[in-house]
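**Student:** The structure is given below, and queries will be raised subsequently.
Computed from the coordinates by the stated procedures, all read-outs in this text should not be read as laboratory data. Everything quoted here is computed from the prediction, not taken from an experiment. Because the Cβ atoms are built from the backbone with ideal geometry, glycine has one as well, and the counts that use them run over all protein chains shown.
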Amino acid sequence: MYKLIKKSGKARRGTFDTPHGTIQMPAFMNVATAGAIKGAVSALDLKDLKCQVQLCNTYHLHLRPGDDTVREFGGLHAFTRWNGPILTDSGGFQVFSLAKLRNIKEEGVTFASHIDGHKIFMGPEESMRIQSNLGSTIAMAFDECVENPAEYDYARASCHRTVRWLHRCKAEHDRLNALPGTINPKQMLWGINQGSTYEDLRVENMKQIRELDLDGYAIGGLAVGESAADMYRIIEAVEPEMPEDKPRYLMGVGTPANILEAVRRGVDIFDCVMPSRNARHGHAFTWEGCRNMMNAKYRLDPLPLDPSCDCPTCQNFSRAYIHHLFKSGEMLGMRLCVMHNIYFYNTLLEKIRCALDQDQLETFYQENIERIGLRI
């Protein structure tokens, strides 16, 4: 259940109670696509990095190791050893972004595995069954994610299909939760708003899906090629139609500046691979901007990645050492940088929550929006 504590403009400070713990919002979900955060960071590390929620992916776990295998181990919580909330993405985005060959019909989508090319069918019922086997805290509805820019007529037809699929998701989700052998009979279901960059389609779609009274709602299909200005415009169009008593999730976003901007526009929760992906290439987010640790200027630098950070990496290692690790191709360099970036993102959301608690969000925004977007 979502509880709205206070607002600052459109920005919301709230809590969301789940069967696996309470999420303090606004929040960031740390992406463990195949059950682990890339960069040799385990679930046991995450508590020290201020993580609240782990996000895993239905598509990838269905292919490897197989959702039946995860079920045999008691679900994702037992399999990964993460005991907090877990959200599973429905697999829809990966079907449309990774599968080179796919055939979309009313029943669902037939596509070729990106691993070995074998044919797979996934529709609303299949996605719900996989996510039930995974036993996640929150399951996402199966939707169609169109590319931006998309033709209006196709985007409109896709929206209508996504709504029909959502009704099927809910029916199957309710059925699975009622079965005696279900791993997590209290699993929640969140719907996804679509409509490309067309405001009228987005608003119409949000009005339709909110009628199902789901546990939460996401804005999907953004951060996939459109400008930041278009993304903010769509959030502003959709936000007034989103239920105030349910969490609001902006999928796949984004940079620290994107997150701060979206919080001001009424979004509660985010996910993005950027902290770990950028870190594996030596890019460290700091309160002074983003550092490229491959740069030669760090070869003899004794300072931590960020002098104002108290993460395990910054407490123990110098820029010079991390620079050396990357230049030497040592995996430890990636691990240390990933840990720092995850900590930075979770600290950013912690500071946003604190600013909201103290009615200081606008001050925090003005002081940080430019510098957190800098490249040093």
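**Student:** Would you order 352, 219, 372, 104 from fewest to most other beta-carbon atoms within 10 Å of each residue's own beta-carbon?
**Tutor:** Going from sparsest to densest Cβ surroundings: 104, 372, 352, 219.
**Student:** Multiplying the sequence separation of residue 154 and residue 113 by 0.36 nm and subtracting their Cα-Cα distance, what value in nm do you get?
**Tutor:** Result for the pair: 12.3 nm of gain on full extension.
**Student:** Got a sec? How would 136, 328 order by Cβ neighbour count within 10 Å, fewest to most?
**Tutor:** 328, 136
**Student:** Amide H neighbours of residue 254 under 5 Å, at least 5 residues apart or on other chains, H built in the peptide plane: list them.
**Tutor:** Placed amide hydrogens put 259 under 5 Å from residue 254.
**Student:** Same structure again: With both bridge residues required to lie in the chain, what share of the DSSP beta bridges run antiparallel, to the nearest 5%?
**Tutor:** 45 percent
**Student:** For a Förster distance of 45 Å, can you work out the FRET efficiency between the beta-carbons of residue 300 and residue 68, rounded to the nearest 0.05? Walk me through the intermediate numbers first.
**Tutor:** Values: r = 53 Å, r/R0 = 1.18.
After rounding to 0.05, the efficiency reads 0.25.
**Student:** A further question follows. Using only the alpha-carbon atoms, what does the stretch 241-376 span along each of its principal axes? Please give whole angstrom values in decreasing order.
**Tutor:** Here the Cα extents, ordered largest to smallest, are 52, 26, 23 Å.
**Student:** If you don't mind, another one. Check residue 143: other-chain or 5+ apart residues with amide H under 5 Å from its amide H, H built from backbone geometry?
**Tutor:** So residue 143 has HN proximity to 92.
**Student:** Which lysines, on any chain, are close to residue 207 with Cα under 17 Å apart, when same-chain ones fewer than 8 places away are left out?
**Tutor:** Straight-distance partners of residue 207: 170, 246.
**Student:** Separate question: Based on a Kirkwood Rh over C-alpha pairs, give the Stokes-Einstein translational diffusion coefficient of the stretch 308-376 at 37 °C and viscosity 0.692 mPa s in µm²/s.
**Tutor:** Roughly 239 µm²/s, to the nearest whole number.
**Student:** Also: For the chain, what does the relative contact order come out to in percent, with C-alpha contacts under 8 Å and a separation of six or more?
**Tutor:** Normalised by residue count, the contact order of the chain is 17 percent.
**Student:** Something else now. So what is the calculated 222 nm ellipticity per residue for the chain, using -39500 (n - 2.57) for each DSSP H run with n of 4 or more, over all residues, to the nearest 500 deg cm²/dmol?
**Tutor:** After summing the helix terms and dividing by the residues of the chain, the value is -12000 deg cm²/dmol.
**Student:** Could you work out the relative contact order of the stretch 231-373, using alpha carbon pairs under 8 angstrom and six or more residues apart, expressed as a whole percent?
**Tutor:** Contact order relative to length: 24 percent.
**Student:** Explain nothing, just the number: dipole magnitude of the stretch 284-373 about its Cα centre with +1 on each Lys and Arg Cβ and -1 on each Asp and Glu Cβ, in debye rounded to the nearest 20. Display every interim value, and only then the final one.
**Tutor:** Values: 9 positive and 11 negative charges, 120 e Å.
Dipole magnitude for the stretch 284-373 comes out near 580 debye.
**Student:** At 0.36 nm per residue, and after removing the present C-alpha to C-alpha distance, how many nm does the segment from residue 330 to residue 97 gain when stretched out fully?
**Tutor:** Numbers: separation 233, 0.36 × 233 = 83.88 nm, distance 3.09 nm.
Result: 80.8 nm gained on full extension.
**Student:** Give me a comma-separated list of calculated 3J(HN,Hα) values for the stretch 219-231, in order, Karplus coefficients 6.51, -1.76, 1.60 applied at θ = phi - 60°, integers in Hz, x for any Gly or Pro.
**Tutor:** 9, x, x, 10, 6, 10, x, 7, 6, 4, 4, 5, 4
**Student:** Could you work out the relative contact order of the stretch 157-208, using alpha carbon pairs under 8 angstrom and six or more residues apart, expressed as a whole percent? Kindly include the intermediate steps, with their values, before the conclusion.
**Tutor:** Numbers: 30 pairs, mean separation 19.0, N = 52.
That works out to 37 percent.
**Student:** List, in order, the whole-Hz ³J(HN,Hα) value for each residue of the stretch 61-74 obtained from phi through the Karplus relation with A = 6.51, B = -1.76, C = 1.60 and θ = phi - 60°; use x for Gly and Pro.
**Tutor:** Running phi through 6.51 cos²θ - 1.76 cosθ + 1.60 with θ = phi - 60° gives 6, 5, 6, 9, x, x, 5, 5, 5, 4, 4, 4, 8, x Hz.
**Student:** Report the label-to-label distance for residue 367 and residue 3 in nanometres (one decimal), using points 7 Å from each Cα along the Cα→Cβ vector.
**Tutor:** 2.8 nm
**Student:** Applying the Karplus parametrisation 6.51 cos²θ - 1.76 cosθ + 1.60 with θ = phi - 60° to the phi angles of the stretch 264-279, what ³J(HN,Hα) value in whole Hz is obtained for each residue in order, glycine and proline being reported as x?
**Tutor:** These are the phi-based 3J(HN,Hα) values: 5, 9, x, 8, 9, 8, 9, 8, 6, 7, 4, x, 7, 5, 5, 4 Hz.
**Student:** Can you give me the long-range amide H partners of residue 150? Hydrogens built in the peptide plane at 1.01 Å from N, cutoff under 5 Å, separation of 5 or more residues or another chain.
**Tutor:** Distant-sequence amide H within range of residue 150: 197.
**Student:** Now for a separate question. Given the C-alpha centroids of the stretch 52-85 and the stretch 244-273, what is the distance between them in whole angstrom?
**Tutor:** About 24 Å separates the Cα centre of the stretch 52-85 from the one of the stretch 244-273.
**Student:** Roughly what would the spin-label model give for residue 318 and residue 244, points 7 Å off Cα along C-beta, in nm?
**Tutor:** The modelled label-to-label distance comes out at 5.5 nm.
**Student:** Related question: Would you list 271, 89, 301 from fewest to most Cβ contacts within 10 Å?
**Tutor:** With the fewest neighbours first, 271, 89, 301 line up as 301, 271, 89.
**Student:** Testing the spin-label approximation: label points 7 Å from Cα along Cα→Cβ at residue 34 and residue 281. State their distance in nm.
**Tutor:** Label-label distance for residue 34 and residue 281, simple model: 2.0 nm.
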